[in-house]
1. Give me the percent of Cα-Cα pairs in segment B:21-86 that sit more than 20 Å apart, rounded to a whole number.
2. Take the cross-link list A:K139/B:K93; A:K172/B:K93; A:K139/B:K190; A:K172/B:K190; B:K38/B:K190 and give me the ones stretching past 31 Å between alpha-carbons.
3. Hey, what number do you get for the protein assembly as shown at 222 nm if only DSSP H runs of n ≥ 4 count, each worth -39500 (n - 2.57), divided across all residues, to the nearest 500?
4. Put one equal scatterer on each alpha carbon of segment B:94-192, apply the Debye formula with no solvent term, and list log10 I(q)/I(0) at q = 0.19 1/Å to two decimals.
5. Just round it to a whole percent: the fraction of Cα-Cα distances in the protein assembly as shown exceeding 28 Å.
6. In degrees between 0 and 90, to the nearest 10, how far off the longest principal axis of chain A does helix A:23-36 point, with axes built from Cα atoms?
7. With loop defined by DSSP as not H, G, I, E or B, and exposure as at most 11 other Cβ atoms within 10 Å, which is the longest segment of chain A clear of exposed GluC sites (Glu not before Pro)?
8. Could you run the Karplus curve 6.51 cos²θ - 1.76 cosθ + 1.60 with θ = phi - 60° over segment B:86-95 and give me ³J(HN,Hα) per residue in whole Hz, x for Gly and Pro?
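Read the figures in this text as sums done on the coordinates, not as results from a lab. Owing to the predicted nature of the structure, the values given are computational and were not obtained by experimental measurement. Don't worry about glycine lacking a Cβ; one is built from the backbone with ideal geometry, like all the others, and counts go over all protein chains shown.
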Amino acid sequence: MGEERMPLITNKTNFAPGDVPTAAELNAPYDSLQSVGDDIDGTNTATGWITWRHTEAGLTGNAIANRLYQYNNDTTNETLYNNTSYVTISEGGNPAQLSLGFTSESGECVRFHASGMVGESTVTTDYDYAGLPGGNKGKPNYYAFRLLLNATVGGAPTTINLGEWGYSFTTKKSGNLTSITTPTLSGRIHWQPFAFSAVYSPNSSITFNSVELQCKVYDNTNSLSVERHQLYAVRAKR
Amino acid sequence: MVKPSSLNDNIDKYLNEWNGHLNGNNLPVFSVQSDDIKYENFRTGFSGAVSGLNTELQTQGYYYKRRSSSFEGSTDVWTPILNLNLQTDDWSKGWNRLEYYSGFSQFPVVFDSREGMLVGCATIDWQHGTDTMLVTENEISFSSTRGDDWVSEWGVFVNDVLVARSGEIPPRRHTTSLPFSIPCGSQNVKVDVRWISTISDYLASGRPHGSEFLVFSAEVWVRNVCR
C-alpha cells in the first residue's frame, strides 16, 4: 500500500425501516476494512493505545531501537605482538572477532567499542637517533590498535577501517640528542588499560559481517603484551 | 425480523472500534517489533579535515565528528596531525579548546537536540611525553630525561559546561576515552573537547625544553536519546 494509510471507514449504509439491504451494501464496510487493513495508523487508534509491555524487550534479539553485540575474552594470559603491520589479536586461539551478521537499512548507524589490558610489554628501544632531526625519533615508542570491519558491499566482501588509536611503551617523547644513539629507556608503562570507540554509518545498505580488534608496533624490537579484551557493537535501528 | 436500527448499531459499533478506538487490548504484549516502527533517517554529512555525520532516527539521534591521522593521506597512526611546541606556541594554563587549533575549527559537534538525554564519548589520541636531552658532566656525556612531573588533562564540554574530565595523566602517548551523559531539552547543543597541561619551568642552562604536545586523532560521538 506504499505510503497510503488506513482511513476511517465510512463506506456504510444506514438502513431505514422498509429498506431491503443488498449484499453489496452489507459487505461494503467489511470490504473496505479488508482492503486497507494492513495500514492501520494513528487515525485508527485510541490515545494511549500502546504500553512498553507491547514492545519486545531486551537489548539482544530483535529489540526495538538498538541491538547489542558483544565479545569478551577474559584470559589473564599475556600474548606478545611485535608485528609492524596489523594482525588480529588472538588469545588462546580465540581471535578478537565480534560476529555481526546483519544487513543494515540504508544509513543505519552502528557504534563500536573496544577495551582491554596491556600487560608487561617487552621494550628495548623508545627513541630513534637516526630519525633526527624530527622524523621518526619518537616513533619506536609507539604501538597502535585498529578496529577493522568485515563487510559485504554491493555483493563483494571488503574491509573498512573504523579507526586507529595509539599508545606509548614508555613516558618518552622528544629530545635533541645528537651523539647518543641508544639513550636510556624512560619509565615503562605496564598494566595500562586501553579503550576507544567509533561510529560508522554507511550511505547505503551493506552487510556487517564482523569486526576485529588488531594491533601493531612501530619497532619490532618491542613486543606489545595484550591480555583480556572486549568488543561491543551497538546497532541503532530506530 | 431484523430491526434496521439493530443492523445499523451493530455495524456502527464494529466500525467505531476501527475508526479510532483500537487500543492495547487489540495487541498482544511483546508483539511490536522494530520493523513495525517506520524507519526514518535524516542525515547530514560533513567532509573535509574534520568529517562527521548528523543522523536522526525515531528514538535517537547520532552526531559525530572526527579528525584522525589515520584518515589523512599524508599521515598515519604514527604521525601527529597537531604538533604544539609548548615553549613557543600559543596555549594557556587553563582549558585550551581544540577547535582553536589549525584544522580543528569544525571539530565541535553542533546540532539541535530533542528533549531527553545526551550520551556520548570523546576519544583523543594524544601525547605529552618527557624530553630526552644530552648532559655532559666531567667530560662524560649521557642522556637524561626531564618532565616526569608534567601532567595533562582532557575535558568534554556541553554548551560550555564541563561534563567529563580525564583527571591528570602523566607523560605518555595515550588514547583517552571520556564517556559522558547529561539531560537536555529541545535546544541547540555544542559539544567540544579541551585540554590542560602543566609543565615545570624549563632549564636555564641554554637547553630550552622541546616539550611537544601532540594530537594524533580526536573524535566525539553524541547519542541523543529522545524516546
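1. 58
2. Over 31 Å Cα-Cα: A:K139/B:K190; A:K172/B:K190.
3. -2000 deg cm²/dmol
4. After summing over all Cα pairs, the log10 values are -0.98.
5. 61
6. Approximately 10 degrees, to the nearest ten.
7. Result for the longest clean stretch: A:5-238.
8. Karplus-based 3J(HN,Hα) across segment B:86-95 equals 6, 8, 10, 8, 6, 6, 10, 7, x, 6 Hz.
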